[in-house]
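Asker: Below is the structure I would like to discuss, written out as structure tokens.
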Amino acid sequence: MIKMWLIVRKELALVFRQPAILRMMILMPLMQLILLPLAADYEVKNINLQVIDQDHSSYSRSLTQKLGASPYFKLVEANGDPAMARRNLEQNKADLTLNIPAGFEKDLIRESETALSIEADAVNGNKASLGCAYASQIIGDFNREVREKLMQLPRFNDFPVIEVRSSFWYNPFIKYPLFMVPGILALLVTMVGGLMAALNIVQEKEIGTIEQLNVSPLRRYQFLMGKLIPFWFLGMVSVTLGLIVGYLVYGIVPRGSLLTIYFFSAVYLIGALGVGLLLSTLVDNQMQATLFAFFIIMFFVLMGGLYTPIDSMPRWAQILSSFNPVTYFIRVLRFIVIKGSGISDLLVELRSMLLFGIVLNVLAVMNYRKRSA
Amino acid sequence: MKAIEVKDLTRKFGDFTAVDHISFDVSKGEIFGFLGANGAGKTTAMRMLCGLLKPSSGEGRVAGFDINLQSEEIKKNIGYMSQKFSLYNDLTARENILFYGGLYDIPYKELKIKSERLLDRLGLGPYANKLLRDYPLGWKQKLAFSVAIQHQPMIVFLDEPTGGVDPITRRQFWDMIYESAEGGLTVFVTTHYMDEAEYCHRVCIMVDGRIAAMDTPQSLKKKYESQNMDEVFRKLARGAVRSPDVPGRGKR
Amino acid sequence: MTIKEFKHVLRDPRSLFFLLAQPVMLMLLFGFALSNEVKESRVAIIDQARDEETKKLTDRLDQSEYFDVMGHYADPSVVPALFEKGAARLAIVFPPHFANDLEHLNAGQIQVLADASDPNTAAIATSYASAIFGAYQDELLGLMKLPYKINIETRMLYNPQLVSAFSFVPGVMTLILTILCTMMTSVAIVREKELGTLEVLLASPMHPMQIVVSKAVPYLVLAMIDVAVILLLAVYVLGVPIRGSLFLLMAENTLYISNTLALGLLVSTITEKQQVAMFVSLVGFMLPALLFSGFMFPIENMPWPLQWISHAVPTRWYYRIVNAIMIKGLGLASIWKETLILAVMTLGLLVLAVKKFKVRLL
């Protein structure tokens with residue numbers, strides 16, 4: 001126990017004496033927490049729409065107006081010139097082109113049927129299909145208004161109507177930061193805990209001080225625990241920091257109890273540190289560690305459901321992501337912060353996180369060699 | 001009991017035999033010099049004795065413990081100082097002493113008293129709270145040696161301890177070694193400074209992983225009809241095959 | 001000297017492995033595992049009516065690829081518990097006497113409750129559910145042909161099948177090049193500083209610039225290999241075409257690689273420790289490259305200060321260029337502006353880096 005505390009005290013002294021590293025540890029979380037949620041707004045809005053109106057009728061003008069008034073679209077000027085419209089699409093100045101052919105209004109009234117065409121820049125498939133859907137919806141509304149006006153329909157319901165009322169729980173105004181902040185916090189804790197611990201040990205390898213420890217009677221678990229505890233502590237500090245930033249910048253107050261958040265963070269950090277410790281036993285220098293860590297972090301982030309939902313992944317990818325400790329922590333933090341879930345709702349995640357913590361740390365201790373073979 | 005006994009100690013890295021069946025022993029209180037060019041295998045041999053590297057074959061006992069089976073027991077009874085500077089630059093002198101002392105189970109109260117005494121003896125008292133990074137290299141080396149023997153080990157292993165240090169400091173450093181050896185400490189030191197070999201009670205010269213010669217400096221000079229150890233060494237190393245910087249020289 | 005650096009890189013098979021495996025992993029994950037589509041959302045049915053109509057509607061949901069009915073309940077009070085456990089994403093509440101209301105009052109009301117903790121998927125799943133109910137209602141209306149109908153014909157340009165790979169291939173390229181060139185180059189140089197070997201090299205008769213260039217060359221070559229790997233995977237595994245000129249694409253890649261190398265050099269002149277160099281590359285360059293390329297996050301949704309900043313990020317321009325060449329098949333005439341901006345940035349960074357390097361070392 002005493003020896004473990006010696007290492008802990010030494011590590012804390014070392015961390016606090018390297019201002020550059022300390023600054024990084026504070027700056028990195030701040031930057032990410034402030035920037036990423038602001039940027040990660042996936043709602044498709046502000047679609048640049050250009051209208052090539054070759055009809056110049058009152059209907060075509062009122063349709064254009066209706067589209068422009070919608071929050072989804074921003075009208076872009078194309079001067080009615082199809083060549084220019086094409087150029088605008090190529091140069092990303094416009095995302096969608098609506099062609100209103102000559103005779104649009106005439107056909108609608110006389111033939112009772114008319115046609116429009118929409119062209120979308122589909123490089124970003126998601127945006128293109130949503131843009132088309134929104135446009136169709138608005139045109140459909142316009143169609144109904146026109147029909148009611150032309151038919152002079154009496155306003156009563158003669159046929160069955162299913163009315164769908166939807167309500168969004170927990171996040172009624174569809175605010176993205178509420179969703180992103182807990183996820184990014186999970187990622188940060190992983191980086192601060194796991195990555196920093198790994199780099200720290202690898203640094204000792206590079207300078208050579210680790211040899212001095214290896215020829216001493218210090219036990220493997222004492223060494224690793226001594227490294228684990230200070231970074232565990234720093235990880236908890238970064239959780240606190242993250243929650244404060246979330247509150248100050250985005251006004252996010254966790255719905256669940258802080259105690260639950262800290263409890264899960266404490267458990268999770270053991271696993272995250274296990275990843276770091278294991279990593280440090282596998283590499284020789286900081287460059288390798290960086291690359292290796294990068295590889296793992298990319299995997300964790302992409303497969304952890306931070307940006308794209310895990311439910312949308314194919315089966316094999318879902319299985320892969322269930323071996324990713326970050327998956328569970330992202331889920332847990334989101335659940336606690338957004339929905340106020342308690343420990344009893346998250347028993348499965350708790351079990352997985354504990355399992356990761358134990359397995360990874362045992363592996364790390366087994367892999368750490370005081371004596372090379 | 002001898003401090004170190006080694007028989008047919010061998011270490012291979014793949015096809016490369018870094019240390020090839022070496023046998024020797026070192027008595028208590030002896031200053032034993034381990035000489036050789038870069039790549040001759042001296043660091044590899046030392047790392048096996050300290051329990052940092054597993055021998056491929058051969059036997060040996062350090063401080064009475066088997067190097068194959070009892071490496072952790074050995075570690076309690078030896079001190080070690082490596083060619084790379086091995087104290088923490090971002091800790092103060094006092095913190096370094098307390099930290100490493102603690103690792104060897106020196107009771108804290110005793111350690112506290114001892115560390116103050118040590119700082120006084122080294123003349124570091126006024127600077128004890130400065131970070132080590134600001135110390136001149138010579139001071140650091142002396143401190144590192146004192147730290148390596150503060151738990152009163154039976155043997156201390158010094159791996160090229162005076163690399164990059166000026167002659168006066170080197171002289172002072174060897175005075176410290178003598179002083180400790182008189183107190184009964186066994187010193188196992190590797191070096192490639194041949195003048196330092198003269199300070200040793202007995203030296204062992206390694207060439208290409210084998211022991212080329214082993215005796216007192218006086219007898220060696222007589223045997224090889226040389227003025228100094230440098231000449232002895234050159235005569236012995238003439239037949240060396242390995243160039244310095246052979247890969248796998250225990251850099252793991 | 002360059003040969004020595006190559007040996008350094010090649011002697012470290014583990015690093016090499018990660019440098020080459022990283023783009024492969026990213027391409028495969030983006031290509032096959034990740035998607036924004038919302039499918040098979042778990043939905044809980046709270047059926048207080050238990051009549052013919054609700055049964056039909058439930059079946060409709062279950063048969064659709066978008067939903068997966070996870071359970072039937074009688075009481076809406078179970079919903080909070082289901083959401084808190086994450087057992088369901090959507091809950092559909094049918095009021096008592098649903099069929100009756102529909103038949104006699106001509107109005108049936110359905111409540112869709114969504115767990116909006118993930119706002120994007122909640123909104124999409126909700127709209128899918130509404131669409132399914134809407135379609136059912138249209139059937140009830142009995143396929144009567146409505147007068148005054150506007151038909152809409154939509155055409156998806158460049159990417160008719162809406163393959164998501166199209167948008168991420170250039171993204172992965174920017175990501176990999178930033179890691180390789182900016183981060184690895186800066187860390188490699190700072191590492192020599194830390195170990196003290198840089199001074200030895202500087203004391204040699206070589207010109208300092210020569211030293212720096214020879215440190216960068218192996219990473220440049222690796223970057224080229226990675227670009228080739230990414231393009232091959234894109235074309236032969238993911239089926240993304242290269243519609244424009246391959247030569248132009250490679251020329252633009254070289255320009256961007258020089259840009260990231262210049263950044264790496266700049267980082268190496270202002271940092272003294274590997275860990276710091278790494279964090280500066282990560283936070284200072286990696287993060288903006290990810291944020292502002294338009295690859296993962298839509299730039300047009302960002303607050304204006306961020307949009308404004310994004311113009312100063314080279315990645316933004318590079319991403320556009322690659323998109324234009326590969327997917328839209330455009331020539332230099334359409335992207336000369338982006339190319340010029342990128343070239344000016346690169347030149348500026350190089351001059352700045354060299355100046356800094358000289359001040360520091362001479």
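Asker: Please work out the FRET efficiency for the pair A:Leu12 and B:Leu69, using the Cβ-Cβ distance as r and a Förster radius of 41 Å; give the result to the nearest 0.05.
Answerer: 0.65
Asker: Nearest 10 degrees is fine. How inclined is helix C:185-195 to the longest principal axis of chain C, computing both from alpha carbons?
Answerer: Around 50 degrees separate the two axes.
Asker: Where does segment C:225-273 land on the Kirkwood hydrodynamic radius, alpha-carbon pairs, in angstrom?
Answerer: Over segment C:225-273, the inverse of the mean reciprocal pair distance is 12.8 Å.
Asker: If you average the sequence gap of Cα pairs under 8 Å that are 6 or more apart and divide by the length of chain C, what percent do you get for the contact order?
Answerer: Rounded, it is 18 percent for chain C.
Asker: Working from the alpha-carbon coordinates of chain B, get Rg over Rh, Rh being the Kirkwood radius.
Answerer: Rounded to two decimals, Rg over Rh is 0.97.
Asker: At a Cα cut-off below 18 Å, give the lysines reachable from B:Lys75, other chains included and same-chain residues fewer than 8 away excluded.
Answerer: By straight Cα distance, B:Lys75 reaches A:Lys3, A:Lys370, B:Lys2, B:Lys28, B:Lys54.
Asker: Also, I was wondering about something else. What does the extension gain come out to for C:Ala131 and C:Leu246, with contour length at 0.36 nm per residue minus their alpha carbon separation?
Answerer: 37.0 nm
Asker: Could you work out how far helix C:52-63 tilts from the main Cα principal axis of chain C, as a 0 to 90 degree angle to the nearest 10?
Answerer: That helix lies at roughly 20 degrees to the long axis.
Asker: Which whole-number percentage describes the relative contact order of chain A, with Cα contacts under 8 Å and a sequence gap of 6 or more?
Answerer: Reported as a whole number, the value is 19 percent.
Asker: What does the extension gain come out to for B:Glu179 and B:Ser219, with contour length at 0.36 nm per residue minus their alpha carbon separation?
Answerer: 12.0 nm
Asker: Based on alpha-carbon atoms only, what is the radius of gyration of segment C:41-140 relative to the globular estimate 2.2 N^0.38 Å?
Answerer: Relative to the rule-of-thumb radius for its length, segment C:41-140 sits at 1.02.
Asker: In chain A, what percentage of the DSSP-assigned beta bridges are antiparallel, given to the nearest 5?
Answerer: Counting DSSP beta bridges with both partners in chain A, the antiparallel share is about 30 percent.
Asker: Oh, and also: Where nothing but the Cβ of Lys and Arg (+1) and of Asp and Glu (-1) is charged, how large is the charge dipole of the protein assembly as shown around its Cα centre, in debye to the nearest 20?
Answerer: Here the protein assembly as shown has a charge dipole of around 3260 debye.
Asker: Using only Cα atoms and rounding to the nearest 10 degrees, what angle (0 to 90) does helix C:246-270 make with the longest principal axis of chain C?
Answerer: On a 0 to 90 degree scale, this one is about 70.
Asker: State, to one decimal in nm², a quarter of the convex hull surface area for the C-alpha atoms of chain A, i.e. the direction-averaged projected area.
Answerer: Approximately 26.1 nm², given one-decimal rounding.
Asker: Something else: Between A:Phe233 and B:Lys109, how high is the FRET efficiency from 1/(1 + (r/R0)^6) when r is the Cβ-Cβ distance and R₀ = 25 Å? Nearest 0.05.
Answerer: Result of the calculation: an efficiency of 0.35.
Asker: Where both residues lie in segment C:41-140, what percent of DSSP beta bridges are antiparallel, nearest 5?
Answerer: Percent antiparallel among DSSP bridges in segment C:41-140 is about 25.
Asker: Using all Cα-Cα distances in the protein assembly as shown, what percent lands in each 20 angstrom bin from 0 up to the longest?
Answerer: 12, 35, 30, 16, 7, 2, 0
Asker: Then there's this: Given segment A:242-330 reduced to its alpha-carbon atoms as identical point scatterers, what log10 I(q)/I(0) does the Debye formula return at q = 0.12, 0.21 Å⁻¹?
Answerer: Computed log10 I(q)/I(0) values: -0.51, -1.12.
Asker: Return, for the Cα atoms of segment A:290-373, the radius of gyration and Dmax in Å, separated by a comma.
Answerer: Both quantities, over Cα of segment A:290-373: 15.3, 51 Å.
Asker: I want to check the label-to-label distance for B:Glu59 and C:Glu103. Put each point 7 Å from Cα in the C-beta direction and report it in nm to one decimal.
Answerer: According to this spin-label approximation, the distance is 9.9 nm.
Asker: Treat every Asp and Glu Cβ in segment A:47-151 as -1 and every Lys and Arg Cβ as +1, leave all other atoms uncharged, and give the resulting dipole magnitude about the Cα centre to the nearest 20 debye.
Answerer: 200 debye
Asker: With the alpha-carbon atoms as the only input, what is the per residue convex hull volume for segment C:246-362 in Å³?
Answerer: 116 Å³
Asker: With no solvent and one point per C-alpha, what does the Debye sum give as log10 I(q)/I(0) for segment A:47-151 at q = 0.12, 0.15, 0.23 Å⁻¹?
Answerer: Scattering profile of segment A:47-151, log10 relative to I(0): -0.38, -0.59, -1.29.
Asker: To continue, here is another question. Arrange B:Cys200, C:Cys181 by Cβ neighbour counts within 10 Å, fewest through most, would you?
Answerer: Ranking B:Cys200, C:Cys181 by Cβ neighbours within 10 Å, fewest first, gives B:Cys200, C:Cys181.
Asker: Moving on. If I model a spin label as a point 7 Å beyond the Cα along the Cα-Cβ vector, how far apart are those points for A:Met298 and C:Leu340 in nm?
Answerer: Going by the 7 Å Cα→Cβ label model, 3.4 nm.
Asker: Right, something else. Would you work out the Kirkwood radius for segment A:1-115? I mean one over the mean of 1/r across all pairs of different Cα atoms, in Å.
Answerer: This gives a value of 19.2 Å.
Asker: Work out the charge dipole of chain B with +1 on the Cβ of Lys and Arg and -1 on the Cβ of Asp and Glu about the Cα centre, then indicate which of B:Ser115, B:Ser219, B:Gly36 is farthest towards its positive end.
Answerer: Working it through, the farthest residue towards the positive pole turns out to be B:Gly36.
Asker: Can you give me the span-like helices of chain A, meaning DSSP H runs with 18 Å or more of Cα extent along the axis and Kyte-Doolittle mean at or above 0.0?
Answerer: Membrane-span-like by this criterion, though nothing is claimed about a membrane: A:2-17, A:19-39, A:176-190, A:220-250, A:258-282, A:286-303, A:347-367.
Asker: Another question, if that's okay. Taking +1 at the Cβ of each Lys and Arg and -1 at the Cβ of each Asp and Glu, which of A:Met25, C:Ile46, A:Ser312 sits farthest along the dipole of the protein assembly as shown towards its positive end, judged by Cα position relative to the Cα centre?
Answerer: In the protein assembly as shown, that residue is A:Met25.
Asker: Would you compute the Debye intensity of segment A:175-367 from its alpha-carbon atoms alone, equal scatterers and no solvent, and pass along log10 I(q)/I(0) at q = 0.09 Å⁻¹ to two decimals?
Answerer: -0.34
Asker: Using the Kirkwood radius over C-alpha pairs as Rh, can you work out the diffusion coefficient of chain C via Stokes-Einstein at 20 °C, viscosity 1.002 mPa s, in µm² per second?
Answerer: D = 87 µm²/s.
Asker: With labels modelled as points extended 7 Å from the Cα through the Cβ direction, what inter-label distance (nm, one decimal) is found for B:Glu198 paired with C:Gln307?
Answerer: The answer from the label model is 8.2 nm.
Asker: Okay, which of segment C:284-311 sit inside 13 Å, backbone N to the point 7 Å along the Cα-Cβ direction of C:Lys356?
Answerer: From segment C:284-311, the list is C:284-285.
Asker: Run the helix sum for the protein assembly as shown: -39,500 (n - 2.57) per DSSP H stretch of 4+ residues, divided by residue count, reported at 222 nm to the nearest 500 deg cm²/dmol.
Answerer: The helix-only estimate for the protein assembly as shown comes to -17500 deg cm²/dmol at 222 nm.
Asker: Taking only the alpha carbons of segment B:88-148, what extent do you get along each of the three principal axes, in Å, biggest first?
Answerer: 30, 20, 18
Asker: Please name whichever of A:Val202, C:Val172, C:Val240 sits farthest to the positive end of the charge dipole of the protein assembly as shown, dipole taken about the Cα centre and charges placed at Cβ: Lys and Arg +1, Asp and Glu -1.
Answerer: A:Val202
Asker: Hey, another quick one. Kindly work out what percent of the DSSP beta bridges joining two residues of the protein assembly as shown are antiparallel, to the nearest 5.
Answerer: Antiparallel: roughly 35 percent of the beta bridges in the protein assembly as shown.
Asker: Which of the lysines could a cross-linker span from A:Lys175 if the Cα-Cα distance has to be under 23 Å and same-chain partners fewer than 8 positions apart are dropped?
Answerer: A:Lys45, A:Lys74, A:Lys127, A:Lys339, C:Lys39, C:Lys85
Each value in this text was obtained by applying a stated rule to the coordinates, not by laboratory testing. Only a predicted model underlies this, so the values are computations on that prediction, with no experimental measurement involved. All Cβ positions, glycine included, derive from the backbone under ideal geometry; neighbour counts span all protein chains shown.
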